[in-house]
Amino acid sequence: MSKEDIRKEIEELSARINHLNHQYYQKDISEVSDYEFDMLLEKLLKLEAEHPDLKLAHSPTTRVGGTVTKNFPTVKHKHPMLSLGNTYSKEELAEFHKRVQKGLDGAPFQYFCELKFDGVALSVTYTNGVLSQAVTRGDGSKGDDITNNAKTIKTLPLKLQGSAFPQEFEARGEVFLSKTAFTQLNKKRSDAGEETYANARNTASGTLKMQDSSEVASRKLDMFLYSMTTDQSALNTHSASIDLLIELGFNVSPTFKKCSSLEEVFAYIDEWEEKRNTLPLETDGIVIKVDSFAQQEQLGFTAKSPRWAIAYKYKAESASTSLNDITYQVGRTGAITPVAELEPVFLAGTTVKRASLHNANEIARLDIRVGDTVFVEKGGEIIPKVTAINLEKRSDTSTPVKFITQCPECGSELVRHEGEAVHYCPNYGGCPPQIKGRVEHFIFRNAMDIDSLGGRTIDQLFQQDLLKTPADLYYLTYDDVFQLEGFKELSTKNLLQGIENSKQQPFENVLFALGIRFVGRTVAEKLANHFGNIDKLASAGFEELIEVPEIGERIAESLVQYFGEPQNQEEIGRLREAGLNFQIDEDKGTLESEVLEGKSFVISGVFTEFSRDELKEKIKRNGGKVVSSISAKLDYLLAGENMGPAKLAKAEKLGINMISEQDFLSMLNQ
């Protein structure tokens, strides 16, 4: 058999299997038996293994996965993936309708209505009819390239049907786990003695970022497409682009409808309020878009969302059940969170057994009592919360809840700081949940990024008296780890290597990892850049700290208190001795110029040459500083497209200099 014959057979087999996949997954038609399909796939796999140079980019064998991706490259979106404004009432929707009418000067228009699916937004690009890239939403301006994992989604075409498609275009949609697939996955994990997942949306999101694409394939992700964008299309309406997506073989939910009036939109909303529960995945509302692309362009954007589209959210599903008890959890900072222990009740697709009661003030506000019949909702369809009490069912013998006075874990007397609603356990160095919580925070991705270490291992190390502070991680020996349950030679070496690799994390990561109260990732970066090293930061007084841009009194007080504690000074000393970075990397701190020295900037809108994060870095490297809010002291508002009207109005009122991206580049070139 010649090379050309083999190439031709691979092409024919790929085309045949892709066709059978489309028929089965999108039209529910089985043209061949499972055995015949498996034999075709096995034959193709064998040919590709023998002739890897002839494997097609759109080969259906990529559906089964097998590639391993250690890092997902960050990709800038050609068109920003903006979020939608939300409304929860028909009255607010009517106001949106009036704004659209006014923005279009009374011209006639139509709406395109579709269900808002509870999935993960994904952008897919096709070049010459072949899937070439798949990118997550990320922060809206850039996301992660997860192309290999996206290829495992059976309903996502690898090669398009026919030839009536633009040379290059981008389609967007929601990746989801169906209710059936999610139930099957949790049953599999439960049978294996593993912890089950809480909700389908977060599980789908985590699945898309798994390193092993064969594991992604086993999860049976699905995808509904909802938009198409191209520079080469003559399409005039959103509905026409949806029709084209369907024609090209994409999986589009058939639940959409064009509406010519607000009354028709209301009727669509009412129709699907109950019907949506019959769909294979969770939904939480309706998306309403102006259909004409020309009219969309005329209406334009705000800084965060289009003016021509809005999401109508259905009211959160509610259920009533019994409050069996109130328990108390201790967080890594010592914060005490009361938890409602409920009689299990099915709500919005999952069984709810527990719900947060937040703090003592919330318990008092609700006047909640053990034995009450309570109403439970899922905030954003995910987090359960108690919203009200059915007083008609309250027992005459019930008594008000007395918030605990001692830590449920270590017995320490609780404290409550003036002006705060939360109670705290002050036993910083001896309360088990605080100790383990600080270590778990320390190893987070945005902190020390020790992905080879998890909660179960942390608990084992704690129980063995090997881990009392994060610094103890750097003094673990091979024998310490090897004797833990589930550890063998390779896993022991991997854990110790992961801990060793974490020493390369920059100062701002280390500062965030320390878990100082009110010091999040962004604050840690600002402090690291301002002071340069831990010694200058630790010796800074309250007045010096609040002079740092965007560092308020609460953060300053927390920093002074933290660095004043002897046990924290000792911890930093041990971490320094272990080799962690406690000063800004010299290369990173090197300025490109001082042309922006002493100048402050607010960044707003969408830009062509840079992402917002890249602009921030560019400003810093040229001596300037970036602040988050507009004030009379601001030097420049760096304004991109679709800038928010509120910032624009405030800047104009205060007479702030507004510059474009090109103006900014000119400043740098001076």
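Restricting attention to segment 276-297, and to residues there that are under 28 Å from the mean Cα position of the chain (by Cα) and among the charged types (D, E, K, R), which single residue is nearest to Thr237 (Cα to Cα)?
Ranking the candidates gives Lys289 first.
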Exercise. Which one of the conditions (1) surrounded by fewer than 17 Cβ atoms within 10 Å (Cβ to Cβ); (2) at negative phi does Leu484 fail to meet, given that it meets all the rest?
Worked result: (1)
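Residue-by-condition table, conditions (1) closer than 20 Å to Arg445 by Cα; (2) over 30 Å from the mean Cα position of the chain (by Cα); (3) β-branched (Val, Ile, Thr):
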position	(1), (2), (3)
Ala528	yes, no, no
Ala538	no, yes, no
Gly541	no, yes, no
Leu545	no, yes, no
Val548	no, no, yes
Ile551	no, no, yes
Gly564	no, yes, no
Gln569	no, yes, no
Phe582	yes, no, no
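Looking at Ser452, Ser395, which one is hydroxyl-bearing (Ser, Thr, Tyr) and within 30 Å of Leu366 (Cα to Cα)?
Ser395
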Exercise. Has segment 360-376 got any residue that is modelled with pLDDT under 95, on the phi > 0 side of the Ramachandran plot and crowded, with 20+ Cβ neighbours inside 10 Å?
Worked result: no
For this session: Please list, ordered by first then second residue, the pairs with beta carbon atoms under 9 Å, 6 or more apart or interchain, first in segment 210-232 and within 29 Å of Leu244 (Cα to Cα), second part of a helix (DSSP H, G or I) and of a type in the set (Lys, Arg).
Result: Ala217/Arg63
Exercise. In segment 395-444, what residues are acidic (Asp, Glu), at pLDDT below 95 and in a loop (DSSP other than H, G, I, E, B)?
Worked result: Asp396, Glu418, Glu420
Problem set entry | Subset of segment 219-269 (residues that are in a helix (DSSP H, G or I), touching a helix residue (DSSP H, G or I) at 6+ places or on another chain (Cβ under 9 Å) and of a type in the set (S, T, N, Q)) | Ser241
Exercise. So, of the residues in segment 326-366 that are in a strand (DSSP E or B) and charged (D, E, K, R), which turns out to be farthest from the chain's Cα centre (by Cα)?
Worked result: Glu343
Exercise. For segment 572-617, what are the residues that are polar (S, T, N, Q) and surrounded by fewer than 16 Cβ atoms within 10 Å (Cβ to Cβ)?
Worked result: Thr590, Ser593, Thr608
Exercise. Looking at segment 97-122, which of its residues are modelled with pLDDT of 95 or more, under 30 Å from the mean Cα position of the chain (by Cα) and either among the aromatic types (Phe, Trp, Tyr) or assigned to a loop (DSSP other than H, G, I, E, B) (or both)?
Worked result: Tyr111, Phe112
Problem set entry | Checklist (1) without any contact (Cβ under 8 Å) to a residue 40 or more places away in the chain; (2) not in a helix (DSSP H, G or I) applied to Arg172, failing item | (1)
Exercise. Would you call Thr155 in a helix (DSSP H, G or I), outside the structural domain of Gln23 (by TED's automatic domain parsing) and touching a Phe, Trp or Tyr at 6+ places or on another chain (Cβ under 6 Å)?
Worked result: no
For this session: For segment 514-531, enumerate the residues that are part of a loop (DSSP other than H, G, I, E, B), among the small types (Gly, Ala, Ser) and either surrounded by 18 or more Cβ atoms within 10 Å (Cβ to Cβ) or in contact (Cβ under 8 Å) with a residue 24 or more places away in the chain (or both).
Result: Gly515
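What about Lys620, is it among the charged types (D, E, K, R) and surrounded by 16 or more Cβ atoms within 10 Å (Cβ to Cβ)?
Working: among the charged types (D, E, K, R): yes; surrounded by 16 or more Cβ atoms within 10 Å (Cβ to Cβ): yes.
Yes: the conditions hold for Lys620.
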For this session: Being of a type in the set (Gly, Ala, Ser) and not in a loop (DSSP other than H, G, I, E, B) is the filter; apply it to segment 584-641 and report the residue that is modelled with the lowest pLDDT.
Result: Gly589
For this session: Tell me, yes or no, whether segment 138-160 has at least one residue that is under 19 Å from the mean Cα position of the chain (by Cα), under 18 Å from Glu282 (Cβ atoms) and surrounded by 15 or more Cβ atoms within 10 Å (Cβ to Cβ).
Result: no
For this session: Considering only segment 475-497, state which residues are outside any loop (DSSP other than H, G, I, E, B) and not acidic (Asp, Glu).
Result: Tyr475, Tyr478, Val481, Phe482, Leu490, Ser491, Thr492, Lys493, Asn494, Leu495, Leu496, Gln497
For this session: Have a look at Thr203, Thr196, Thr125 and point out the one that is outside any loop (DSSP other than H, G, I, E, B), modelled with pLDDT under 90 and hydroxyl-bearing (Ser, Thr, Tyr).
Result: Thr203
For this session: May I ask you to list the residues in segment 543-571 that are part of a helix (DSSP H, G or I) and more than 18 Å from Thr333 (Cβ to Cβ)?
Result: Glu543, Glu544, Leu545, Ile546, Glu553, Pro566, Gln569, Glu570
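Taking into account only those residues within segment 127-137 that are crowded, with 19+ Cβ neighbours inside 10 Å and of a type in the set (A, V, I, L, M), which is farthest from Ile17 (Cα to Cα)?
Checking each candidate, the answer is Val135.
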Exercise. Do we have any residue at all in segment 546-557 that's exposed (fewer than 12 other Cβ atoms within 10 Å of the Cβ) and either of a type in the set (A, V, I, L, M, F, W, C) or modelled with pLDDT of 95 or more (or both)?
Worked result: no
Problem set entry | Those residues of segment 128-143 which are out of contact with any Asp or Glu (no Cβ under 9 Å at 6 or more places or on another chain), at pLDDT below 90 and assigned to a strand (DSSP E or B), in sequence order | Gly143
Exercise. Out of all the residues in segment 270-293, which are touching a Leu at 6+ places or on another chain (Cβ under 9 Å), over 17 Å from Val100 (Cβ atoms) and not in a strand (DSSP E or B)?
Worked result: Trp272, Arg276, Leu279, Leu281
Exercise. Which residue, of Asp459, Asp465, Asp479, Asp472, is surrounded by fewer than 20 Cβ atoms within 10 Å (Cβ to Cβ), outside the structural domain of Gly579 (by TED's automatic domain parsing) and under 30 Å from Glu557 (Cα atoms)?
Worked result: Asp472
For this session: Might you check whether a residue that is hydroxyl-bearing (Ser, Thr, Tyr), buried (at least 20 other Cβ atoms within 10 Å of the Cβ), in contact (Cβ under 8 Å) with a residue 24 or more places away in the chain and closer than 28 Å to Asn149 by Cα occurs anywhere in segment 268-280?
Result: no
Problem set entry | Residue check for Asp291: touching a helix residue (DSSP H, G or I) at 6+ places or on another chain (Cβ under 6 Å) and either of a type in the set (D, E, K, R) or in contact (Cβ under 8 Å) with a residue 24 or more places away in the chain (or both) | yes
Exercise. Under 7 Å by Cβ, and 6 or more places apart or on different chains, what pairs join a residue from segment 606-622 that is without any contact (Cβ under 8 Å) to a residue 40 or more places away in the chain with one that is part of a loop (DSSP other than H, G, I, E, B) and surrounded by fewer than 19 Cβ atoms within 10 Å (Cβ to Cβ)?
Worked result: Arg621/Leu591; Arg621/Glu592
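The values are calculated or read from the model by the stated rules, or taken from the named source; none is laboratory data. Quick caveat: nothing in here was measured; it's all calculated off a predicted structure. All Cβ positions, even for glycine, are placed from backbone atoms using ideal geometry, and neighbour counts span all protein chains on display.
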